[in-house]
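Read the structure below first, then the notes.
The values are calculated or read from the model by the stated rules, or taken from the named source; none is laboratory data. What you see is a predicted model, and the numbers here were worked out from it, not measured in a lab. When we count neighbours, we look across all protein chains shown, and the Cβ atoms used for this are built from the backbone with ideal geometry, even at glycine.
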Amino acid sequence: MWFEILPSAVIITVALSVPIYAMYGLQKLTLGNAFRRNMDERFDRVMYQRDFRLTNNPYVMNGLDAVPDEEEKKEIEVPENEEVEDPKKAKKKKKEKPQEKTTQDQD
């Protein structure tokens, strides 16, 4: 009869669904997160790398608060004729130069 096919249909359905549900546990075990991000397109890979670079965890939601401000990223400008290895020394030199000019003007 028609119901004789039910046991084999259930076995096939269970056998095909086991890997899908097993991946949840395997990814939770290996990645620390139950879900993987899609990396098929180049844009998705770039966004994964961006999120990993900003928060060291690509699965954390990133907003504008995760992007550092311009003030924090500001680089110290060094004149071309001077080579300064240490940024602290460059800051000191910048501070000293205006003071030297004011002392020369007073003389």
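Kindly establish whether THR13 is at pLDDT 85 or above, assigned to a helix (DSSP H, G or I) and of a type in the set (Val, Ile, Thr). The answer is yes for THR13.
Scanning region 39-52 for residues that are surrounded by 10 or more Cβ atoms within 10 Å (Cβ to Cβ) and not acidic (Asp, Glu), we see that the one that is nearest to the chain's Cα centre (by Cα) is PHE52.
Answer with yes or no whether TYR59 is in a helix (DSSP H, G or I) and either modelled with pLDDT of 65 or more or not basic (Lys, Arg) (or both). No: the conditions fail for TYR59. Of all residues in region 26-40, those satisfying the criterion of being in a loop (DSSP other than H, G, I, E, B) and closer than 13 Å to TYR59 by Cα are LEU31, GLY32, ASN33, ALA34, PHE35, ARG36, ARG37, ASN38.
Only one entry in ARG37, ARG45 is closer than 22 Å to VAL67 by Cβ, touching a residue at least 12 places away in the same chain (Cβ under 8 Å) and of a type in the set (Lys, Arg), namely ARG37.
Remark: pairs (first residue in region 52-68, over 16 Å from ARG37 (Cα atoms); second residue part of a loop (DSSP other than H, G, I, E, B); Cβ separation under 9 Å; 6+ apart in sequence or on different chains) = LEU54/VAL60; LEU54/ASN62; LEU54/VAL67; LEU54/PRO68; ALA66/VAL60.
Condition test on VAL67, is it surrounded by 11 or more Cβ atoms within 10 Å (Cβ to Cβ) and either modelled with pLDDT under 75 or in contact with a strand residue (DSSP E or B) (Cβ under 8 Å, 6 or more places away or on another chain) (or both)?
Values: surrounded by 11 or more Cβ atoms within 10 Å (Cβ to Cβ): yes; either modelled with pLDDT under 75 or in contact with a strand residue (DSSP E or B) (Cβ under 8 Å, 6 or more places away or on another chain) (or both): yes.
Considered against the rule, which asks whether it is surrounded by 11 or more Cβ atoms within 10 Å (Cβ to Cβ) and either modelled with pLDDT under 75 or in contact with a strand residue (DSSP E or B) (Cβ under 8 Å, 6 or more places away or on another chain) (or both), VAL67 comes out as yes.
For region 30-53, the set of residues classified as modelled with pLDDT of 80 or more and of a type in the set (A, V, I, L, M) consists of MET39, VAL46, MET47, listed by residue number.
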